[in-house]
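Have a look at the structure below before the remarks.
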Ligand SMILES: [Zn+2]
């Protein structure tokens with residue numbers, strides 16, 4: 001399951017900003033699967049003045065957090081949409097390695 005907090009403010013309504021987890025540190029952040037822009041603060045995704053890329057936030061790659069992990073970080077209320085892996089349309093392989 002992929003958890004989205006909504007459309008990407010950079011590339012538009014057809015994309016989704018999703019939860020990811022830094023494979024090394026375990027820190028949660030969010031990024032857009034389409035353009036790769038990442039936000040270390042999932043509550044400040046409207047801020048597009050200091051853009052980071054997913055690979056900068058998690059150079060060793062990402063994992064996709066479970067809803068339990070998102071809830072444990074206190075960010076559960078930000079989830080707007082749950083997307084089945086089979087319905088997700090962006091290849092995340094590059095980000096995961
Ligand atoms: Zn985007």
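Just so it is clear, none of the values below were taken in a lab; they were calculated from the coordinates. Note that this is a predicted model, so its numbers are computed, not measured. With ideal geometry, Cβ positions are generated from the backbone for all residues, glycine too; neighbour counts draw on all protein chains shown.
Computed from label points 7 Å out along Cα-Cβ, the spacing between residue 49 and residue 72 is 3.5 nm.
Residue ranges 33-39, 86-92 sort as 33-39, 86-92 when ordered by packing (mean number of other C-beta atoms within 10 Å per residue, highest first). Multiplying the residue separation of residue 90 and residue 13 by 0.36 nm and subtracting their alpha-carbon distance yields 26.3 nm. From most to least packed by mean Cβ count within 10 Å, the peptides 71-84, 9-22 give 9-22, 71-84. Across the alpha-carbon atoms of the range 35-81, the computed radius of gyration and Dmax are 11.6, 31 angstrom.
Rounded to the nearest whole angstrom, the semi-axes of the ellipsoid equivalent to the range 2-90, taken from the Cα gyration tensor as √(5λ), stand at 17, 16, 13, largest first.
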